[in-house]
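Just below is one structure, and these are the notes that go with it.
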Amino acid sequence: MRTILVTGATGFIGNYVVEELLKNNCRVVASSFLEEKARSFSWFQRVQYKPFDLASFNPEINYYEWFQRPDAVIHLAWEGLPNYKAAFHYEVNLPRHFSFLQNLVTHGLKNLSVTGTCFEYGMKEGMLSEDMPAHPANPYAQAKNGLRKLLEQLQQTVLFDFKWIRLFYMYGKGQNSNSLLSQLQKALDEKAPVFNMSGGMQIRDYLPVERVAAYIVKIALQDKVNGIINCCSGQPVSVKELVEKYLQEHKATIHLNLGYYPYTDYEPMAFWGNDKKIKQILQQ
């Protein structure tokens with residue numbers, strides 16, 4: 001039975017990743033700095049939980065041993081979201097997370113998967129493929145891309161399998177209360193007559209969080225496809241279509257006040273992922 005360490009286990013994605021690993025008969029070491037929150041999840045009694053705050057990182061500690069010599073690590077932890085424009089990502093998170101992952105690898109970890117972001121591609125339109133150069137346009141994406149580069153450099157001196165999982169958009173139970181569909185459900189629950197939103201013409205790539213978790217686990221547990229991997233559907237969908245589909249599935253109606261909010265300035269209007277690599281992994 002393989003032992004998998006999951007950092008950020010109490011986050012939106014982390015909760016589902018832990019459940020997916022348990023379904024795959026893995027021994028899970030789950031970690032986060034919110035032990036009280038971890039205890040509220042159904043998986044808590046079925047994993048080895050080790051609370052850890054990256055702010056307390058100590059380079060003198062062998063974290064590979066401390067986390068019970070895992071066969072693989074799925075690193076989901078990242079602080080400061082959803083504020084994508086904060087310098088904190090680059091000034092604090094980048095060096096902190098690299099130091100932690102470097103510690104694991106140099107002490108013996110051989111299989112590392114880290115979640116990145118589609119924002120690393122920058123303000124590009126259309127289908128985004130892993131071989132495209134990264135041009136991150138906000139501090140969060142710049143920090144993530146910087147972390148990827150440092151880990152790739154580390155591979156020049158230490159041998160380990162490295163998978164960089166670029167996340168696109170997702171939705172599901174437990175998502176941030178400020179997210180689009182969470183706000184829509186709140187409006188429905190409150191029987192609001194109108195739902196204020198943007199123009200809804202943005203084209204995005206969406207997956208339910210359960211499938212995102214399944215993809216992440218599938219990527220992490222295989223060793224044939226490494227490097228940058230888009231975690232995406234490969235299907236372009238407008239925000240308006242996503243909202244209308246949600247209403248249809250929930251047999252609900254509400255007037256959509258399109259154009260109430262302006263479009264964001266940190267992401268392009270129309271982009272989606274090339275899913276060739278993830279399909280290759282899923283077919284293994």
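The values are calculated or read from the model by the stated rules, or taken from the named source; none is laboratory data. Computed from a prediction, not measured in an experiment: that's the story for all the values here. Quick reminder, even Gly has a Cβ in these numbers, built from the backbone with ideal geometry, and neighbours come from all protein chains shown.
Annotations for the structure displayed:
- Any hit, the stretch 110-125, residues being among the acidic types (D, E) and surrounded by 21 or more Cβ atoms within 10 Å (Cβ to Cβ): yes
- Of P51, P95, P82, P59, all but one fail to be at pLDDT below 95 and either over 30 Å from T264 (Cα atoms) or not hydroxyl-bearing (S, T, Y) (or both); the exception is P82.
- Scanning the stretch 153-164 for residues that are touching a residue at least 12 places away in the same chain (Cβ under 8 Å) and assigned to a helix (DSSP H, G or I) turns up just one, L154.
- Residue match in the stretch 192-207 (condition: under 13 Å from the mean Cα position of the chain (by Cα) and under 20 Å from I278 (Cβ atoms)): yes
- Filter pass, K144 being under 26 Å from P236 (Cα atoms), in a helix (DSSP H, G or I) and in contact with a strand residue (DSSP E or B) (Cβ under 8 Å, 6 or more places away or on another chain): yes
- Residue check for G234: small (G, A, S), more than 16 Å from F195 (Cβ to Cβ) and outside any helix (DSSP H, G or I): yes
- Residue satisfying condition, being surrounded by fewer than 13 Cβ atoms within 10 Å (Cβ to Cβ), touching a residue at least 24 places away in the same chain (Cβ under 8 Å) and not polar (S, T, N, Q), within set A55, A38, A72: A55
- Picking from residues in the stretch 234-273 that are under 26 Å from K85 (Cα atoms) and of a type in the set (S, T, N, Q), the one that is surrounded by the fewest Cβ atoms within 10 Å (Cβ to Cβ) is T264.
- For the stretch 151-181, the set of residues classified as of a type in the set (K, R) and surrounded by fewer than 21 Cβ atoms within 10 Å (Cβ to Cβ) consists of K173 only.
- V29 vs. criteria on the phi < 0 side of the Ramachandran plot and touching a helix residue (DSSP H, G or I) at 6+ places or on another chain (Cβ under 9 Å): no
- For the stretch 250-281, a residue qualifies if it is closer than 27 Å to K218 by Cβ and modelled with pLDDT under 95, and exactly one does: E267.
- From the options Y16, Y64, residue that is assigned to a helix (DSSP H, G or I), in contact with a His (Cβ under 6 Å, 6 or more places away or on another chain) and not hydrophobic (A, V, I, L, M, F, W, C): Y64
- Counting only residues that are more than 17 Å from V29 (Cα to Cα), within 19 Å of the chain's Cα centre (by Cα) and not in a helix (DSSP H, G or I), the stretch 67-105 holds 9 of them.
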